[in-house]
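Structure record follows, encoded as structure tokens.
Please treat every number below as a calculation from the coordinates, not as lab data. This structure is a prediction, so every number in the text was calculated from the model and none was measured. As a convention, Cβ positions derive from the backbone with ideal geometry for all residues, glycine included, and neighbour counts pool all protein chains shown.
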């Protein structure tokens with residue numbers, strides 16, 4: 001028996017066996033990469049059509065791409081005869097360890113995805129949430145950046161923000177301006193209502209429709225309180241707030257109507 005022929009046949013068999021596997025793995029990699037590229041491209045188009053934010057599109061596309069590539073690599077290793085059970089166990093254990101170590105970050109990530117998906121607010125909106133108020137400057141995956149009225153930069157984690165009550169003052173085009181004005185019990189209610197209504201109707205930024213309203217809302221301990229309500233455009237809210245606050249004081253003073261306030265009475269003792 002010729003040992004050289006046996007060794008040659010053995011190497012040929014091994015070459016054929018692993019050569020077929022290697023060629024198969026190469027084909028799987030080429031076809032799999034093409035499929036992944038198409039899937040990622042299709043998912044981007046669907047997300048764009050659905051109106052997803054650019055930052056969310058980029059993150060989800062990367063997540064889909066890397067997830068599919070990991071599956072492709074595991075498939076390749078299986079094709080080459082490498083046991084993949086241990087790889088799956090290692091990936092699972094690593095995922096669990098990372099998840100436990102990054103609980104807060106994962107909560108913020110989940111919150112960011114929810115905010116970007118359901119859009120309770122957008123960049124430019126003025127909101128209150130998670131104990132903070134300000135104009136939304138940027139929505140990231142993990143945090144949201146606000147600018148306060150004093151132009152202070154506030155970074156709010158998306159986890160607590162998504163789980164809190166969010167007030168979006170910019171969601172609607174119109175907003176109602178509410179004021180409570182208290183006057184003395186000695187003053188005439190009808191006349192007071194006329195003065196306060198004149199404050200609303202004389203301001204061109206207060207809309208005629210919906211109609212403004214003045215009504216007695218409470219008979220308090222030391223004053224008769226009036227609800228003064230007018231609808232304004234969102235962008236005009238603060239201007240009208242300051243203008244009407246000043247106008248209420250000036251016009252009540254001009255009409256001789258008193259706004260109650262604590263008085264200090266001096267007591268002089270006889271010597």
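Here are some notes:
- Taking the number of Cβ atoms within 10 Å of each Cβ as an exposure proxy, the fewest-first ranking of 169, 185, 237 is 185, 169, 237.
- Sorted on the mean count of surrounding Cβ atoms within 10 Å across their residues, most packed first, peptides 72-79, 124-131 read 124-131, 72-79.
- 25 Å tail of the calculated P(r), the stretch 153-271, as % of Cα pairs: 42
- Diffusion constant of the stretch 120-168 at 10 °C, which comes from Stokes-Einstein with the Kirkwood Cα-pair radius and 1.306 mPa s, µm²/s: 154
- Extended-chain gain in nm, criterion 0.36 nm per residue less alpha-carbon gap, residue 194 and residue 255: 20.9 nm
- The listed peptides 189-199, 213-223, ordered by packing as a protection proxy, come out as 189-199, 213-223 (highest mean of other Cβ atoms within 10 Å first).
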